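Inspection log for the structure reproduced underneath, given as structure tokens.
The values are calculated or read from the model by the stated rules, or taken from the named source; none is laboratory data. Remember, predicted model here, so these are calculated numbers, not experimental data. Counting neighbours? That spans all protein chains shown, and the Cβs are built from the backbone with ideal geometry, glycine included. Accessible surface areas use protein heavy atoms only, side chains included; no ligands, DNA or RNA. Shrake-Rupley method; radii C 1.70, N 1.55, O 1.52, S 1.80 Å.
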Amino acid sequence: MVDLESEVPPLPPRYRFRDLLLGDQGWQNDDRVQVEFYMNENTFKERLKLFFIKNQRSSLRIRLFNFSLKLLSCLLYIIRVLLEKPSQGNEWSHIFWVNRSLPLWGLQVSVALISLFETILLGYLSYKGNIWEQILRIPFILEIINAVPFIISIFWPTLRNLFVPVFLNCWLAKHALENMINDLHRAIQRTQSAMFNQVLILISTLLCLIFTCICGIQHLERIGKKLNLFDSLYFCIVTFSTVGFGDVTPETWSSKLFVVAMICVALVVLPIQFEQLAYLWMERQKSGGNYSRHRAQTEKHVVLCVSSLKIDLLMDFLNEFYAHPRLQDYYVVILCPTEMDVQVRRVLQIPMWSQRVIYLQGSALKDQDLLRAKMDNAEACFILSSRCEVDRTSSDHQTILRAWAVKDFAPNCPLYVQILKPENKFHIKFADHVVCEEEFKYAMLALNCICPATSTLITLLVHTSRGQEGQQSPEQWQKMYGRCSGNEVYHIVLEESTFFAEYEGKSFTYASFHAHKKFGVCLIGVRREDNKNILLNPGPRYIMNASDICFYINITKEENSAFKNQDQQRTSNVPRSFYHGPSRLPVHSIIASMGTVAIDLQDTSCRASSGPTLALPTEGGKELRRPSIAPVLEVADTSSIQTCDLLSDQSEDETTPDEETSSNLEYAKGYPPYSPYIGSSPTFCHLLQEKVPFCCLRLDKSCQHNYYEDAKAYGFKNKLIIVAAETAGNGLYNFIVPLRAYYRPKKELNPIVLLLDNPLDDLLRCGVTFAANMVVVDKESTMSAEEDYMADAKTIVNVQTLFRLFSSLSIITELTHPANMRFMQFRAKDCYSLALSKLEKKERERGSNLAFMFRLPFAAGRVFSISMLDTLLYQSFVKDYMISITRLLLGLDTIPGSGFLCSMKITEDDLWIRTYARLYQKLCSSTGDVPIGIYRTESQKLTTSESQISISVEEWEDTKDAKEPGHHRSIHRNSTSSDQSDHPLLRRKSMQWARRLSRKGPKHSGKTAEKITQQRLNLYRRSERQELAELVKNRMKHLGLSTVGYDEMNDHQSTLSYILINPSPDTRLELNDVVYLIRPDPLSYLPNSEPSRKNSICNAAVQDSREETQL
């Protein structure tokens, strides 16, 4: 059987000129019938049109041939001018007749014939019914002018020397070049060619104008100065550049008229070309162009995908990303669908960023834009959500689609995604690193209630700082606070480390204590080589291996450190102590900007246990305590670990057996039965044994189960934690779980009240007067303000109202913009706040990324912005463990064997320890805790301002003759006198005016006058704070609430608080210091062979309450 397929000749790959002439004659001798389908291409005209116009490759060749012919004709004209001998005389015949040799005439005739034939053929193929439209086209007219005279000279030989303006073919060459470039771009499918086309058109237009002017002037001056081509070129350049030396000028009127015409043409044509070029340039600046393929293959770059780029977000990213030395050579490509903001454009024009940051306007959902950004060659892609949207769920949906599009286009590109809602996390679980805003926000707000200023601690840890902030300040606390803020989390393999290599085979707590004592570094966690889980403070039972990865807190990483023995330091001229006072920091805590750190190798030999420095001060009335601290053992001893205190329930609640029984019946330990969203980490926590009916959850409304209508009636033993939020979202789960974790003592569990609206009546009913903390979550409905920074306006004003009404209330606020933190607890006439504002401006001028850190509300942990945690995602590019460590610190993730963050308070009984190093030793040797920082509160020494002055009428009478201004400031209130709105000078003048009127007025009777005078003095003396207190009390009485718990004079405005992360070992402890601890997991002390004991943990408290509050 014959194989039919082998006999069928292959079809031609494309139309050839032979096919156009022969048609389909090759198939006529075949008996078979072939059916071909045409789309109006079977006629000879359609086939010609396909070959000359429609087909990209063939039409490109035709246009290239046409372009070559035009250039050849211009070249032949130049050759004719150069070969022609100068004519004698000034007759007009020299204008119309030239000397043209026969070979040159033959070449020009041939070019003219081909060009005319091609022009007529293309005109015929593009003819659409209007012949005059084809004839009156400028290219057709120029073709007729340049070709027809040569064709006529074939039949009329006397016209062979007739002048023909062949130089006008340069404009036809320009037209052919434009068409050729368009076909070329269509053939290679290049889309971003508008700018190139316009530049090419502009350059070709300039060349055509100059060439036309050169040839025209040279020919018309044949009857004048008889200029050659070079002189004509010189004249045209001088004329078009508006220089006009005047050494070469046209003489004849015809050449002068030609120059005027060419100038007029240039004035019309060139501005149009420049305008189109400028428009395209502006459009290209908006779109950003392309990131070149060559640069993508030779240089490293990352892509930042955002829906809208604001200046704060851009600067936070750039400052944090380029803070790492190994990222200095990286490029940042920004892919944003909106037009570049004016401020962003101004910043990106700075030389520091213009060479490294490229802005592309485009969408991540388009493969074309991803190709422009060279996403497939990128080292990483950061996808950020727009938190300023009212509908945060819609913003998350856009982020999810961007992540899917990038993953589909570049599967191997690492993804760093920021999401807002926790319920949307499971859609992007394929991403390498994910930061959920609401998870971190609520977890930090929760820990702020039990570990003060946790938000500030985490913010300082995830920000890259040089530790130079505040060093120019005259105040000691700002120097210490700014220097310690330079501490960050680093990692190193134990066997490669100078810090930890000698502790191989030793316990974790031994390594942590001695590394801090010797080098000043704080070892907080480890990770096995064969395990992906990071363990924070695994406890004294953990033995360090050579392959372990150690995570530590220090001013700088070990690779940037230089080590110096103590003996060498004594012989040097550098003084040992840089700072004096009880809290001075040694050499190892001083950081050098972008350089190395000199670390003092201190003596690590164990001191005598009965040394005099560890003895307690003998005071009468105090019982004797141990005079020394036990050493930290190299290998854990079972008897030295206080497992009983950590796990037993005997001393947790010092209550009667009946109360303890009822307490045990009320609470149980276990995992939450329901998860609010997919991807939430299960946490072992305190649970109620019986589910509470939904009707009982309303605090302000009674139901059939209880008749309470306010928080006071419930009789809570612990103070409340009030959460003022707009909605009760799924993220609130991450607020409740850390406060109910199994390692929290039952007696310290605070009731949580969710306040969805905060008018004064609801605040009073929910117990704001006796609450421990009030958490104010930023309102989502105000995030779409016309002015970006006004998104926090409602929250700031509401918090300021609470601050004025309840000055003793601890308010923790979340804001959208960090710059708005300066308005928290705002006092317009407070001199200290003004000084801090000046300090912030100076730090920003020095290039600090943490200029806002000295604001008292932020330093005290009373305000934070979730946008400050954006740096956590950026740092993950270099430190891929930062998100995991932060989640463990906040309690978002729980890993068996990993510790948790808690705090303890230094009391008078603990001051015998004296220094932070001895405290470190005490904790490591007793409970296995690892301290990481101190939260310190000091009295605020302020210079008394005029706004704090309150002078009564009698005091003014006594001091009116005093000349020293200090005499007027001798008496002031202890309350919020700085908040009163009355100016003291106006008040004094009003008092003088009232006293004059009282002297001139009519005399009243004795008792009436005394009564009026007393009321007047009471009104004068009553401050704004007292008026607010009376307002609150009257409202509480109207609602039937007791006013006993409302103390209007108790506030904390005379104190300041700040954090010292990883302070030096010789830092002195002070009264009421709060020490941050990473406590080992209590369950890790349980032997695996005793399951019954492990199960009993579920019904037991975690640790001794005394261990929670004191040593």
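How many angstrom lie between the C-alpha centres of the stretch 512-534 and the stretch 752-776?
So the two Cα centres are separated by 42 Å.
Determine ³J(HN,Hα), in whole Hz, for all residues of the stretch 334-344 in sequence, where each value follows from phi through the Karplus function 6.51 cos²θ - 1.76 cosθ + 1.60 and θ = phi - 60°; x replaces Gly and Pro.
The phi angles translate into 9, 10, 9, x, 9, 6, 5, 5, 5, 5, 5 Hz.
Take the Cα radius of gyration of the stretch 303-375 and divide it by 2.2 N^0.38 Å, with N its residue count; two decimals is plenty.
1.07
For the stretch 188-347, report the % of Cα-Cα distances exceeding 19 Å.
When all Cα pairs of the stretch 188-347 are counted, 69 percent exceed 19 Å.
Considering the stretch 458-552, what Rg and Dmax in Å follow from its alpha-carbon atoms?
15.4, 50
If the limit is 31 Å between Cα atoms, which of 310/532; 441/841; 517/746; 407/557 go over it?
Cα-Cα > 31 Å for 310/532; 517/746; 407/557; rest within.
Quick check: net charge around residue 298, other residues with Cβ under 14 Å of its Cβ, Lys/Arg +1 and Asp/Glu -1?
Taking every other residue near residue 298 into account, the sum is +1.
Provide the three semi-axes, in whole Å and in decreasing order, of the ellipsoid equivalent to the stretch 494-550 as defined by the square roots of 5 times the Cα gyration tensor eigenvalues.
16, 12, 10
For the stretch 213-282, state the semi-axes of the equivalent ellipsoid (square roots of 5 times the eigenvalues of the alpha-carbon gyration tensor), sorted largest first and rounded to whole angstrom.
Each semi-axis is the square root of five times an eigenvalue, giving 28, 12, 10 Å.
Taking the mean number of other Cβ atoms within 10 Å as a proxy for protection, how do you rank 508-521, 545-558, 746-759 from highest to lowest?
Peptide ranking by packing, descending: 508-521, 545-558, 746-759.
Can you return the lysines within cross-link range of residue 1011? Criterion is Cα-Cα under 24 Å, with same-chain partners fewer than 8 residues away left out.
In chain and number order, the partners are 989, 1000, 1003.
Could you state the principal axis extents of the C-alpha atoms in the stretch 360-430, from the largest down, to the nearest angstrom?
In descending order, the Cα extents are 32, 25, 15 Å.
Based on the mean of other Cβ atoms within 10 Å per residue, sort peptides 111-123, 295-307, 339-351 so the most packed one is first.
Ranking the peptides 111-123, 295-307, 339-351 by packing returns 295-307, 111-123, 339-351.
Between residue 97 and residues 5 or more places away or on another chain, which pairs have amide H atoms under 5 Å apart, with H built 1.01 Å from N, and which residues are they?
For residue 97, whose amide H was placed from the backbone, the distant partners under 5 Å are 163.
With θ set to phi - 60° and the Karplus curve 6.51 cos²θ - 1.76 cosθ + 1.60, what are the ³J(HN,Hα) couplings of the stretch 44-50 in order, to the nearest whole Hz, using x for Gly and Pro?
So the J values, rounded to whole Hz, are 5, 5, 5, 5, 5, 4, 5.
Report, by chain and number, residues whose modeled amide H sits under 5 Å from the one on residue 358, excluding near sequence neighbours (fewer than 5 apart, same chain).
332, 333, 334
Would you compute, for the Cα atoms of the stretch 780-898, the largest minus smallest coordinate along each principal axis and list the three values in descending order, in whole Å?
Sorted largest first, the three principal extents are 50, 35, 33 Å.
Could you derive backbone 3J(HN,Hα) for the stretch 371-385 from the dihedral phi with the Karplus parameters 6.51, -1.76 and 1.60 (θ = phi - 60°), listing whole Hz in sequence and x where the residue is Gly or Pro?
Ordered by residue, 3J(HN,Hα) equals 5, 4, 7, 6, 5, 5, 9, 6, 6, 6, 10, 9, 10, 10, 8 Hz.
Roughly how many Å² of residue 80 are accessible to a 1.4 Å probe, to the nearest 10?
Rounded to the nearest 10, that gives 10 Å².
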